[in-house]
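What follows is a set of notes on a single structure, which appears directly below.
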Amino acid sequence: MATKVLSKKLKTQTPVAAKKATASERLEVLKTYKIYIGGKFPRTESGRYYKAQNANGHTLANVCLSSRKDFREAVVSARAAFADWGSRAAFNRSQILYRIAEMLEGRKAQFIEELCRQNISTTLAEKEVTLSIDRLIYYAGWCDKFQQVLSSVNPVASSHFNFSNPEPTGVVAAIAPQQTSLLGLVSVVAPIIAGGNTCVVLASYTKPLCAVTFAEVLNSSDVPAGVVNILTGKISELYPYFADHMDVNAVVFCENDADIKNAIQLKASNNLKRVIFYDKILWENIDAQSPYFIQDTQEIKTTWHPIENIGGAKAGY
Amino acid sequence: MEAAPRNAEGMRSIAYSGTAADRKTNAALHKQLKTFVLHLIVTIKIMTDKKISYLPDFTLSPRIDQVGIEERAARITKRSIKKETKVNGLLLTLNMIDLTTLEGKDTEGKVKQLCYKAMHLMDVYEGLPTVAAVCVYPSMVKTAKKALEGSGIKVASVATAFPSGQAPQSVKISDTKYAVQQGADEIDMVISRGKFLEGEYNFVFDEIAAIKEACGEARLKVILETGELVTYDKVRRASDIAMYAGADFIKTSTGKISPAATLPVTLVMLQAIRDFYYKTGKMIGMKPAGGISKSKLALHYLVMLNEILGEDWMNNKWFRFGASSLANDVLMQLMKEKTGIYQGKDYFSID
């Protein structure tokens, strides 16, 4: 009796099992979206993550919810990278920015696909990616030219040759525009690094996919480790550390939130950081790019060089 | 082992005198020898009873399990130390630092500045301890001694043709004596690594003993330069030699060779100190030096110290960090704990 039941069971089960074995569909390999610190892709030290969703509530990916310690580590690598990056020939920085654009062009399709998954039409996605590439090219061009535009020879009433020129301010902590996935990030990062600074950027909370993929582009385009560090996570949790870390020289904030802006200004006063708000900029517009974005994270150094008495000089001959 | 040939020598000379005819003298000699041997046995018994250190065979120093040591050292880095414990650990770390400048370009001005830093690590932070000592070259001892007068901070001086140790013994001894005369409280000597690697352990032993004698009152730290000793077995052997030869401290490195101090190598040396203590009842200090520039790493060393040697060693009489940039990192971490704000090195004095 018992064997009969067993054989019956086996009979009913066999065809299903056979079907499973032969026609198992290939599982898609999903990408792990990790953060980018010092040229490496670690997970957040906190072990936390959140689900990035598109407008329909469909989960796109598990993304790192970065902690203040991730930010601290990122600042350490940014600081370490600054000495080299800031003192490179401007022309070399230009070449590297151009290289980023080249690599981005090569992976255009991937970015468009990611943007579409985040509920943007293909046309708009394509526009955003090409605009981002063009913006990189734009700032690549400015790398070794903005110094000439922003510097000056100053007339002084003493025997000095007096001139001012821009120098990178150091480590810049930036909170990228939250509404765009790629263009906002690129538009903020490009002028910062074009000027010889290194940076830590917090990507868009709701649209983080392109930021992480952009990190892969940076990683394969001769950008030295630590020059750009990209975190994903919450503004509300991280902005206090962006603003009061003593080893950060400037902080960029791109949202129009009065309370946070106020708090950033207060905290930044601890070590007199530059505070830069890009809260009313439409990043797809043509006026969202200019050398003045580079100037924002530059310090102007003025040199008084003693010379012969030209102030009172009359022609000696 | 060494007594055997000497005995043979003695017997031979007696036999010789036997052939020289005078039986009376021979018998007297025999009696003498008997009493001598008896004495010898008695003294050896007294020595062992009183635990007076007799020399072990250094070639028989324990072998070290490399994998085991590295694994254990790695486990120690997993300990989590937070809040008050961390602050206390950091304060203790500061108090154990030998603030060091050992460069060809050292000037009196630089040494004075370093001494000032040693006394005033960060005046805005109340209740901060000073460092344990300032470590300089012999020619700077006088300057440092004067600058540190009345502060309680010791002056340590490297000696014995630091960092290579490649000089005749007479030069090394006069180098040491000079540093002591100038007022050094502590002497950091280097062992002759070349001789050690050749297997000339007696040479190394005698040299350390000679320098110890030249030190007088000053405490002697013996630098093994573990980066040049290649294996943990040799580190252990060198540690044993140094301790039996009279070292007050054993120290990993000069800081001029990479790798300098590492956790595993320190673990090996701490175990050697422990074994020596069990055998002789004598405490020996430990000083890892070179490559320790982050507070977190320093805390790992303290954890290890506590686990291997225990609380008696947890003070600057028995443990030191040889470091130049560690102090600033510790200060930054202390300020972070105090203010809640991550610190930048631009706001801390270099030296």
Worksheet item: For region A:201-251, what are the residues that are more than 14 Å from every other protein chain (Cβ to nearest Cβ), among the hydrophobic types (A, V, I, L, M, F, W, C) and farther than 18 Å from A:G184 by Cβ?
Response: A:V223, A:A225, A:V227
Worksheet, complete the sentence: With criteria (1) surrounded by 15 or more Cβ atoms within 10 Å (Cβ to Cβ); (2) over 23 Å from A:C199 (Cα atoms), A:G170 comes up short on (2)
Fill in: Matching option when the condition is within 13 Å of chain B (Cβ to nearest Cβ) and among the basic types (K, R), among A:K267, A:K261, A:K280
A:K267
Worksheet, complete the sentence: Counting only helices (runs of 4 or more DSSP H) entirely within region B:18-125, those with at least 3 residues that are over 30 Å from B:G150 (Cβ atoms), out of contact with any Cys (no Cβ under 8 Å at 6 or more places or on another chain) and at pLDDT below 90 are B:23-49
Worksheet item: Hey, among B:K296, B:K317, which residue is open to solvent by 10 Å² or more (accessible area, probe 1.4 Å), farther than 18 Å from B:S253 by Cα and more than 14 Å from chain A (Cβ to nearest Cβ)?
Response: B:K317
Worksheet item: Going through region B:329-351 one residue at a time, which ones are open to solvent by 30 Å² or more (accessible area, probe 1.4 Å), more than 9 Å from chain A (Cβ to nearest Cβ) and either touching a Ser or Thr at 6+ places or on another chain (Cβ under 8 Å) or touching a residue at least 60 places away in the same chain (Cβ under 8 Å) (or both)?
Response: B:Q333, B:E337, B:K338, B:S349, B:D351
Item to complete: Considering (1) farther than 28 Å from A:M246 by Cβ; (2) open to solvent by 40 Å² or more (accessible area, probe 1.4 Å); (3) touching a helix residue (DSSP H, G or I) at 6+ places or on another chain (Cβ under 7 Å); (4) polar (S, T, N, Q), say which one A:Q179 fails and leave the rest.
Response: (3)
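Residue-wise test of (1) assigned to a helix (DSSP H, G or I); (2) free of Cβ contacts under 8 Å to residues at least 12 places away in the same chain; (3) under 23 Å from B:L299 (Cβ atoms); (4) open to solvent by 30 Å² or more (accessible area, probe 1.4 Å).
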{"site": "B:R236", "(1), (2), (3), (4)": "yes, no, no, no"}
{"site": "B:D240", "(1), (2), (3), (4)": "yes, no, no, no"}
{"site": "B:A247", "(1), (2), (3), (4)": "no, no, no, no"}
{"site": "B:P259", "(1), (2), (3), (4)": "no, no, yes, yes"}
{"site": "B:V265", "(1), (2), (3), (4)": "yes, no, yes, no"}
{"site": "B:L270", "(1), (2), (3), (4)": "yes, no, yes, no"}
Discussion item. Looking at the structure I just gave you, is B:I153 surrounded by fewer than 24 Cβ atoms within 10 Å (Cβ to Cβ) and assigned by TED's automatic domain parsing to the domain that holds B:G104?
Written reply: yes
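The values are calculated or read from the model by the stated rules, or taken from the named source; none is laboratory data. It should be emphasised that the depicted structure is a prediction, and the values quoted were computed from it without experimental measurement. Virtual Cβ from ideal backbone geometry, glycine too; neighbours counted across all protein chains shown. Ligands, DNA and RNA are stripped out before the accessible areas are found, and what is left, the full protein with its side chains, is counted by its heavy atoms. Shrake-Rupley method; radii C 1.70, N 1.55, O 1.52, S 1.80 Å.
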